[in-house]
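Student: This is the structure, below, for whatever I ask next.
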Amino acid sequence: MASFALGRNHSSGGTREARAGLMLRALIVLALLVSVVSLGTGAAGLGLADLFQAGLRGTLAPRDQVIFWNIRLPRLAMGLLIGAALAVSGALMQGLFRNPLADPGIVGVGAGAGLGAVLAIVLGGLLPAGIAVQFGGHLVPVAAFLGGWGATLLLYRLATRGGHTSVANMLLAGIALGALAGAVTGILVYLADDRQLRDLTFWSMGSLAGAGWGKLATALPLILPVLVFSPLMARGLNALALGEAQAAHLGIEVERLKQLIILAVAAATGASVAVAGGIGFIGIVVPHLLRISTGPNHRYLLPNAALLGASLLVGADMIARTIVAPAELPIGIVTAVLGAPVFLWILMRRQGLVGI
Amino acid sequence: MLQLEHVSITLGRREVLRDVSLSARAGTLTAIVGPNGSGKTTLLRAITGEIAYQGKITLNGLDVARAKAWQLAAVRAVMAQETQLAFPFTVLEVVRLGLSMGENAGAQDLPQRALAEVDLLHHGARNYQDLSGGERQRVQLARALVQVWNPVAAAGARWLFLDEPVASLDLGHQVQVMRLARRFADAGGGVVAVMHDLNLSAMFCDHLALLADGGLIAAGPPESVLTDALLSTAYNCTIRTNQLPNAGPWLLPQAVAC
């Protein structure tokens, strides 16, 4: 069709991509900055200047070495990892549900993981001593991860008929499962003793306080592949915005894409909740802010969300551990205080929410 | 070549289409016409591989029910009746979705050229969600065009499947879009469109397939399908066909008898 050679105008539309590329670079710088500041911040009074000078002279006191290597560094790594995981999980879920307010918390991964953790805290003492010793301090994270995974699989079974996953059914089933998990959690909370209640409260609000290389080793193998490989799903996620049928017409294997997204979200969210408890709103706020500033193209949205989520969570963690120092605020409180107003703002701006 | 053999479709417990056999050659423009609820869109959704059916549908020899999504996507593009977007993509970003991984992937100027074809050249940076219904349809047509830009590829003819491509367009753009479809067919591609407007169908299409009540009651060139008897049966309304000089059949419903 030779006559189809009319306009050749490249000017429009390219600006957004340029902005997104610029944003990527800016976010890398931001993440580095936040990381450095975070390493120099803490209750121990070991500042950036001290670290720098002592590091140059090689005279870091043994106490400070422990603080740096065994407390601050793993905590920073954990914050970066969990923040990225939460933000990317949110972006993936929103792409799958074609709804900017979807979040792993909504589809039951969070509720399932929470139930697992509560079960471990309250009933963990009933386990035969041999098994309990095997798990050691990992019982709660492992139970949370299994709970999140189980909830996702159950949800997927409920929402899938004959190889077709209904997003509407999945959302509704997620709400029902969440309510059920909440009820069982309530019963367990009712049964719990005072010490267990303290654990529960702390865990349900989320915290990076227990961060160490061991926990990092638990979460890393599950989260890192999701962060690295999710950009490969960008084209499919973009096409999915047109609807499942039209994505398929464009050549996307839609059912396989959906399964991959669910698997990725279960892994990343389950692992995050398992090691850091319930940290809300990162998954909703980060992708939304990025969509406003640089557009919804998942090619940029996913890596940018990972970087911004990482920076935000490390920043929130700095607030959490300094604002009431030497005590610590659960980080979930910080993210909720910052994130809930943004969530409401999104809700107000979007009068006609996209139907499912 | 598009071939349908004894295609029946049941949605829920209702048989929407019964034993439809039909074929369309590349290089032609075929309209599926018929009253509301006669199964036009359902038939098109079967042809595009979107819903399950009994019987057999092949496109360029490819079994539609068994083909992989990417195999079909290389051969045909589909434009739905209405497309809502979940996120605020720009017009150009939407049209770019039509760029496949294959031969068109490097042709970065195709989206702009396709936008020019649908008269939206300078609207690439606009937010798709802010467009009117008719503009959205034209953007979706541009996206479909990008997907099958060359009407004849190395592997054979390409196809455009359009569900009511002109339903929400003004008169000028209706003619523009039909001309576009006509040119695609004249260049060797195949076009199958669900149409409401019988007059536009008669003006531009080589073949019409008339559906009524889930069955195919006539198929062939416009003169043989748009007859008073067939149309009056299909639409349950007395319809009189006229002949215009230098044009095909032209028809008006006889309001009194409806």
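Student: Hey, among the residues in segment B:80-94 that are within 26 Å of B:Lys40 (Cα to Cα) and in contact with a Lys or Arg (Cβ under 8 Å, 6 or more places away or on another chain), which one's nearest to the other protein chains (Cβ to nearest Cβ)?
Tutor: Here is the first cut: in segment B:80-94, the residues within 26 Å of B:Lys40 (Cα to Cα) are B:80-85.
Right, trim to in contact with a Lys or Arg (Cβ under 8 Å, 6 or more places away or on another chain) and you get B:82-83.
Values: B:Glu82: 10, B:Thr83: 6 Å.
Among those that are within 26 Å of B:Lys40 (Cα to Cα) and in contact with a Lys or Arg (Cβ under 8 Å, 6 or more places away or on another chain), it is B:Thr83.
Student: Given (1) out of contact with any helix residue (DSSP H, G or I) (no Cβ under 8 Å at 6 or more places or on another chain); (2) in a helix (DSSP H, G or I); (3) touching a residue at least 40 places away in the same chain (Cβ under 8 Å), identify the lone condition not met by A:Gly332.
Tutor: Result: A:Gly332 passes all but (1).
Student: Select from segment B:32-50 the residues that are facing another protein chain (nearest Cβ under 9 Å), touching a Leu at 6+ places or on another chain (Cβ under 9 Å) and not hydroxyl-bearing (Ser, Thr, Tyr) and write down the one among them that is surrounded by the fewest Cβ atoms within 10 Å (Cβ to Cβ).
Tutor: The first filter runs over segment B:32-50 and keeps only residues facing another protein chain (nearest Cβ under 9 Å), leaving B:45, B:48-50.
With the extra rule that they be touching a Leu at 6+ places or on another chain (Cβ under 9 Å), the set shrinks to B:48-50.
Those left that are additionally not hydroxyl-bearing (Ser, Thr, Tyr): B:49-50.
Numbers: B:Gly49: 27, B:Glu50: 19.
Filtering segment B:32-50 for residues that are facing another protein chain (nearest Cβ under 9 Å), touching a Leu at 6+ places or on another chain (Cβ under 9 Å) and not hydroxyl-bearing (Ser, Thr, Tyr), the one surrounded by the fewest Cβ atoms within 10 Å (Cβ to Cβ) comes out as B:Glu50.
Student: A further question on this structure: Of the conditions (1) over 21 Å from B:Leu22 (Cβ atoms); (2) part of a loop (DSSP other than H, G, I, E, B); (3) without any contact (Cβ under 8 Å) to a residue 24 or more places away in the chain; (4) of a type outside the set (D, E, K, R), B:Gln112 clears all except one; give me its number.
Tutor: Condition not satisfied by B:Gln112: (2).
Student: If you take the residues of segment B:137-162 that are within 11 Å of chain A (Cβ to nearest Cβ) and not aliphatic (A, V, I, L, M), which of them is surrounded by the fewest Cβ atoms within 10 Å (Cβ to Cβ)?
Tutor: This residue is B:Asn150.
Student: Against the definition (touching a residue at least 12 places away in the same chain (Cβ under 8 Å), in a helix (DSSP H, G or I) and under 11 Å from the mean Cα position of the chain (by Cα)), how does A:Ile284 come out, yes or no?
Tutor: Numbers: touching a residue at least 12 places away in the same chain (Cβ under 8 Å): yes; in a helix (DSSP H, G or I): yes; under 11 Å from the mean Cα position of the chain (by Cα): yes.
Yes, satisfied.
Student: Which residues, counting only those in segment B:32-67, are polar (S, T, N, Q) and either touching a Lys or Arg at 6+ places or on another chain (Cβ under 8 Å) or without any contact (Cβ under 8 Å) to a residue 12 or more places away in the chain (or both)?
Tutor: As a first pass, look at segment B:32-67 and keep what is polar (S, T, N, Q): B:36, B:38, B:41-42, B:48, B:54, B:58, B:60.
B:Asn36, B:Thr48 - these are the residues of segment B:32-67 that are polar (S, T, N, Q) and either touching a Lys or Arg at 6+ places or on another chain (Cβ under 8 Å) or without any contact (Cβ under 8 Å) to a residue 12 or more places away in the chain (or both).
Student: Turning to a different aspect of this structure: In this structure, is B:Val191 modelled with pLDDT of 95 or more and either more than 14 Å from chain A (Cβ to nearest Cβ) or part of a strand (DSSP E or B) (or both)?
Tutor: Values: modelled with pLDDT of 95 or more: yes; either more than 14 Å from chain A (Cβ to nearest Cβ) or part of a strand (DSSP E or B) (or both): yes.
Considered against the rule, which asks whether it is modelled with pLDDT of 95 or more and either more than 14 Å from chain A (Cβ to nearest Cβ) or part of a strand (DSSP E or B) (or both), B:Val191 comes out as yes.
Student: Identify all residues within segment B:180-217 that are out of contact with any Ser or Thr (no Cβ under 8 Å at 6 or more places or on another chain) and among the acidic types (Asp, Glu); write none if there are none.
Tutor: The first filter runs over segment B:180-217 and keeps only residues out of contact with any Ser or Thr (no Cβ under 8 Å at 6 or more places or on another chain), leaving B:180-182, B:184, B:186-189, B:196-204, B:210, B:215.
Scanning segment B:180-217 gives B:Asp186, B:Asp197.
Student: Which of (1) in a loop (DSSP other than H, G, I, E, B); (2) at pLDDT 95 or above does B:Phe161 not meet, given it meets every other one?
Tutor: Going through the list (1) in a loop (DSSP other than H, G, I, E, B); (2) at pLDDT 95 or above, B:Phe161 breaks only (1).
Student: Hey, does segment B:211-228 have a residue that's farther than 23 Å from B:Val7 by Cβ, in contact (Cβ under 8 Å) with a residue 12 or more places away in the chain and buried (at least 23 other Cβ atoms within 10 Å of the Cβ)?
Tutor: yes
Student: If you don't mind, another one. Go through (1) of a type in the set (Gly, Ala, Ser); (2) at positive phi; (3) away from every other protein chain (no Cβ under 14 Å) one by one and return the number of the condition A:Gly295 breaks.
Tutor: Failing condition for A:Gly295: (3).
Student: Ok, one more. As an exercise: evaluate A:Glu255 against (1) in a helix (DSSP H, G or I); (2) in contact with a Gly (Cβ under 7 Å, 6 or more places away or on another chain); (3) more than 10 Å from chain B (Cβ to nearest Cβ) and give the number of the one condition it does not meet.
Tutor: The one condition A:Glu255 does not meet is (3).
Student: Could you please find all residues in segment B:198-216 being under 12 Å from B:Gly39 (Cα atoms) and in a strand (DSSP E or B)?
Tutor: B:Ala209, B:Leu210, B:Leu211, B:Ala212, B:Gly215, B:Leu216
The values are calculated or read from the model by the stated rules, or taken from the named source; none is laboratory data. Because the structure is a prediction, the values reported are computed rather than measured. Cβ: placed from backbone, ideal geometry, glycine included. Neighbour counts: every protein chain shown.
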